[in-house]
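What follows is one structure encoded as structure tokens, with my remarks underneath.
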């Protein structure tokens, strides 16, 4: 996906040897086919034996698990497939990492895992718990998870969909103009993942400190960027599994939350035999998108423009 490709681009800049493990041979060949610095492996996280053999053969130091089924509306009708990939597949990654003594293994989770109301979020919540549990029992590998919000201009996200609709003179579709979402760019997402990899001591769930925005302000920012006098939109209402406001950090998680840096929080595992060394306790509110609204349109325009540039 978009995050995986952006991570690869960033890691290449610092001369990391990379192994890309993915079931999509077409995208692999198109993106990395002629790149001698990347080892390409075709495989599925559902296939434990292939994962284990791949790690044994190539001996990576770190594993970042970005693979998932993530289309929220579709997964409401296919919870069985979601379980196979997002839960059992994540456990396969954890077992193979422990078996091959990987130094650190990071799960890419989502804000939907916080107080989940849909199949996708529930699967990621359980995957987080699996990684925390494997860290508790591991003697060789540090496991941690990273939650992040909506990545603007990533594949399948609403900004490119809106731009296509507007270019064809069609109305854009929005759940509700007053609903709020956590938004950040691909580069911000990459920095969050790599900082979490750096700070991880075992069993944590990392959370970026990012702003949220009302959808009516996003529409206004897109109108200005597109040089339009008016944007016509259709409010389609809440779909199965959607929240009006998103959560990144729940009230019940506050007492376990530390702040490793200005832009990063982490929830410590509630059960652990490790001594986590973080200097700063987080003293803020729960992270709900209704509480952290940035109403500055100029900031939003800058965020969207940066995201479009990064996605090219």
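The values are calculated or read from the model by the stated rules, or taken from the named source; none is laboratory data. Predicted model only: the values in this text are computed from it and were never measured. When we count neighbours, we look across all protein chains shown, and the Cβ atoms used for this are built from the backbone with ideal geometry, even at glycine.
Brief remarks follow.
- Residue count for the range 140-154, restricted to those that are over 25 Å from residue 202 (Cα atoms) and in a strand (DSSP E or B): 2.
- Matching residues in the range 74-97 - criterion: being touching a helix residue (DSSP H, G or I) at 6+ places or on another chain (Cβ under 6 Å) and not in a loop (DSSP other than H, G, I, E, B): 75, 79, 82, 86, 87, 90, 91, 92, 94, 96
- Within the range 151-161, considering residues that are crowded, with 21+ Cβ neighbours inside 10 Å and in contact with a strand residue (DSSP E or B) (Cβ under 7 Å, 6 or more places away or on another chain), the one farthest from residue 104 (Cα to Cα): 152
- Evaluation of residue 204 against (1) closer than 28 Å to residue 256 by Cα; (2) surrounded by 20 or more Cβ atoms within 10 Å (Cβ to Cβ); (3) more than 12 Å from the chain's Cα centre (by Cα); (4) at pLDDT below 95 (one fails), failing number: (4)
- The number of residues in the range 276-293 being modelled with pLDDT under 90 and farther than 20 Å from residue 261 by Cβ comes to 1.
- Qualifying residue in the range 28-40 (condition: touching a helix residue (DSSP H, G or I) at 6+ places or on another chain (Cβ under 9 Å), buried (at least 18 other Cβ atoms within 10 Å of the Cβ) and at pLDDT 95 or above): no
- The test for being farther than 30 Å from residue 307 by Cβ and surrounded by fewer than 22 Cβ atoms within 10 Å (Cβ to Cβ) holds for residue 137.
- Number of positions in the range 75-101 that are closer than 19 Å to residue 20 by Cα and free of Cβ contacts under 8 Å to residues at least 12 places away in the same chain: 0
- Scanning the range 48-75 for residues that are surrounded by 16 or more Cβ atoms within 10 Å (Cβ to Cβ) and more than 19 Å from residue 3 (Cβ to Cβ) turns up 48, 50, 51, 52, 54, 55.
- Residue 199 vs. criteria touching a strand residue (DSSP E or B) at 6+ places or on another chain (Cβ under 9 Å) and crowded, with 19+ Cβ neighbours inside 10 Å: no
- Members of the range 1-21 that are closer than 27 Å to residue 99 by Cβ and touching a strand residue (DSSP E or B) at 6+ places or on another chain (Cβ under 7 Å): 3, 7, 8, 11, 18, 19, 20, 21
- Restricting the range 101-115 to residues that are under 15 Å from the mean Cα position of the chain (by Cα) and farther than 28 Å from residue 57 by Cα leaves a set whose member that is surrounded by the fewest Cβ atoms within 10 Å (Cβ to Cβ) is 113.
- Filter pass, residue 237 being in a loop (DSSP other than H, G, I, E, B), in contact with a helix residue (DSSP H, G or I) (Cβ under 6 Å, 6 or more places away or on another chain) and either surrounded by 13 or more Cβ atoms within 10 Å (Cβ to Cβ) or at positive phi (or both): no
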